[in-house]
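Comments concern the structure below.
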Amino acid sequence: MARIAVAEGVRWIVATPHQEGWSATACQRIQAAVQNLQRELNLNGIPLSLSSGVELLVTHTLLQTSGDERVHTLNGSRYVLLELPAFDYPLYTAEVIFSLQLRGLVPILAHPERNVIIQDDISRIVRLVQRGVLVQLSVDSLSPSADRDVRRCAQELLRRGLVHLLASDAHNAGRRAPRLAAGVRAAARIVGLERAQAMVTSVPEAILGDRELDIEMMTPPSPRRWWQRLFDTRDDSEA
């Protein structure tokens with residue numbers, strides 16, 4: 001997986017195993033595993049830097065203050081990665097997000113395009129982004145082989161300027177490998193190359209450096225004219 005990532009132009013990966021609820025012990029195990037893998041990569045001459053984090057499932061347990069929230073964030077920053085259930089949008093979602101923000105954390109919502117409730121009502125994401133939530137799209141959702149509803153939702157989120165990050169969401173060296181290049185090209189056809197590239201370079205770099213994001217990156221792009229969208233559709237069919 002590391003060699004595939006490097007071949008794709010990736011130089012920095014954040015390992016974010018799934019986790020339900022606060023657990024400093026689990027995070028410490030992840031950090032130790034990441035450090036061990038980093039040593040192996042260095043010994044094998046693979047130019048890839050690793051950082052640790054977790055992908056927290058949105059549950060009511062996140063309303064509880066753990067006292068060690070920063071252990072669960074991306075590279076020890078203020079940014080925390082969240083995941084919604086695939087077939088549900090919990091009633092307490094907004095409450096959980098507000099609670100995290102009160103503790104100085106910035107929620108990043110991973111692959112919301114996969115959530116069936118959001119697919120039917122993108123205005124939910126609009127409201128979250130207006131409240132300061134960042135959105136991370138999985139590049140495989142832009143692939144021609146992706147589920148039709150997932151791909152449609154991903155494209156619409158991009159068109160509305162509701163996406164801040166692109167990620168591989170890699171799980172293995174096969175179907176879910178750490179590939180980004182094709183997804184960046186697909187996103188660029190909708191939001192432009194500069195913005196798409198920023199979603200895999202300057203934006204994640206700022207997040208992992210615990211810095212504020214560029215305000216321009218938070219501004220939706222200008223609406224694309226009908227003939228531009230026509231070319232987007234044609235390019236997608238040829239991809």
Name the residue, out of LEU50, LEU109, LEU74, whose mean-square fluctuation peaks in a Gaussian network model built on the chain with Cα pairs under 10 Å. LEU50
So how do ILE46, ILE13 line up by other beta-carbon neighbours within 10 Å, fewest first? ILE46, ILE13
Below 8 Å, C-alpha to C-alpha, sequence gap of six or more: please give me the relative contact order for the chain in percent. 16
For Cα extents along the principal axes in Å, pick the label among (1) 53, 46, 32; (2) 57, 35, 30; (3) 68, 46, 30 that corresponds to the value derived from the coordinates. (1)
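So if we plug the beta-carbon distance of ALA24 and VAL116 into 1/(1 + (r/R0)^6) with R0 = 35 Å, what FRET efficiency do we get, rounded to 0.05?
Taking R0 as 35 Å, the efficiency between ALA24 and VAL116 is 0.60.
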Between the DSSP loop rule and a limit of at most 11 other Cβ atoms within 10 Å, which trypsin sites (Lys or Arg not before Pro) in region 1-31 are left? ARG11
With label points built 7 Å along Cα→Cβ from the Cα atoms of ASP88 and SER202, find their separation and express it in nm. 4.0
Could you give the length gained on full extension between ARG11 and ARG131, defined as 0.36 nm per residue of separation minus the Cα-Cα distance, in nm? 40.1 nm
Report the extension gain between ARG185 and ARG148 in nm, rounded to one decimal, defined as 0.36 nm multiplied by the number of residues separating them, less their alpha carbon distance. 11.5 nm
Is there a quick way to get the dipole size of region 18-137? I mean about its Cα centre, with the Cβ of Lys and Arg at +1 and of Asp and Glu at -1; what is the value in debye to the nearest 20? 360
The ³J(HN,Hα) series, computed from each phi in region 12-29 with the Karplus coefficients 6.51, -1.76 and 1.60 at θ = phi - 60°, rounded to the nearest Hz and given as x for glycine or proline, is 8, 10, 9, 7, 10, x, 5, 8, 10, x, 6, 7, 4, 5, 4, 5, 5, 5
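All of the numbers you see were taken from the coordinates with simple rules; none came from a lab. Quick caveat, the model's predicted, so the values are computed rather than measured. Ideal geometry is used to build each Cβ from the backbone, glycine not excepted, and the neighbour counts take in all protein chains shown.
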